[in-house]
1. Checking Glu11 against (1) over 17 Å from Ala71 (Cα atoms); (2) in contact with a Gly (Cβ under 6 Å, 6 or more places away or on another chain); (3) of a type in the set (Asp, Glu): exactly one of these is not met. Which one?
2. Within the stretch 66-76, identify whether any single residue is modelled with pLDDT under 95, of a type in the set (Gly, Ala, Ser) and surrounded by fewer than 19 Cβ atoms within 10 Å (Cβ to Cβ), and answer yes or no.
3. Can you say whether Glu85 is of a type in the set (Asp, Glu), under 21 Å from Thr2 (Cα atoms) and at pLDDT below 95, as far as the supplied structure shows?
4. Pick out the one residue from Gln36, Gln84 that is in a strand (DSSP E or B) and of a type in the set (S, T, N, Q).
5. For the stretch 50-65, name all the residues that are surrounded by 13 or more Cβ atoms within 10 Å (Cβ to Cβ) and touching a residue at least 40 places away in the same chain (Cβ under 8 Å).
6. Taking Ser52 as the residue in question, decide whether it is among the polar types (S, T, N, Q) and part of a helix (DSSP H, G or I).
7. Go through (1) of a type outside the set (Ser, Thr, Tyr); (2) in contact with a Leu (Cβ under 9 Å, 6 or more places away or on another chain); (3) touching a residue at least 40 places away in the same chain (Cβ under 8 Å) for Glu11 and report which single condition fails.
8. Answer yes if at least one residue in the stretch 41-49 is closer than 15 Å to Glu78 by Cβ, at pLDDT 95 or above and either crowded, with 17+ Cβ neighbours inside 10 Å or of a type in the set (Gly, Ala, Ser) (or both), and no otherwise.
Amino acid sequence: MTTRNIQIKLENGLEARPVALLVQEASKYESTIYIQSGEKKVNAKSIMGMMSLGLDNGEELVVSAEGADEAIAVDNIEKFLSGQE
């Protein structure tokens, strides 16, 4: 399992459009991917789950992935959340 703490660096945080793009990014990978904020942990491939987190710019979250492509999945999700994509 690959786990990483990531700070969101998206101007408007994770509102509808960035959440949809993040779910698309997560769905590219075979691995199971979860995003956790505080006590809430959701499947990164679930648009409703991701919307329920309501994350803002500057917030910290934990991304974890388990599977054949877990390392690249976490790397690319970090790039997305850091505004590098």
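1. In the conditions (1) over 17 Å from Ala71 (Cα atoms); (2) in contact with a Gly (Cβ under 6 Å, 6 or more places away or on another chain); (3) of a type in the set (Asp, Glu), Glu11 misses (2) alone.
2. Within the stretch 66-76 (the criterion being modelled with pLDDT under 95, of a type in the set (Gly, Ala, Ser) and surrounded by fewer than 19 Cβ atoms within 10 Å (Cβ to Cβ)), the answer is no, since none of the residues qualifies.
3. yes
4. It is Gln36.
5. Result: Gly54, Leu55, Asn57, Glu59, Leu61, Val62, Val63, Ser64, Ala65.
6. yes
7. (2)
8. There is at least one residue in the stretch 41-49 that is closer than 15 Å to Glu78 by Cβ, at pLDDT 95 or above and either crowded, with 17+ Cβ neighbours inside 10 Å or of a type in the set (Gly, Ala, Ser) (or both).
The values are calculated or read from the model by the stated rules, or taken from the named source; none is laboratory data. Remember, predicted model here, so these are calculated numbers, not experimental data. Don't worry about glycine lacking a Cβ; one is built from the backbone with ideal geometry, like all the others, and counts go over all protein chains shown.
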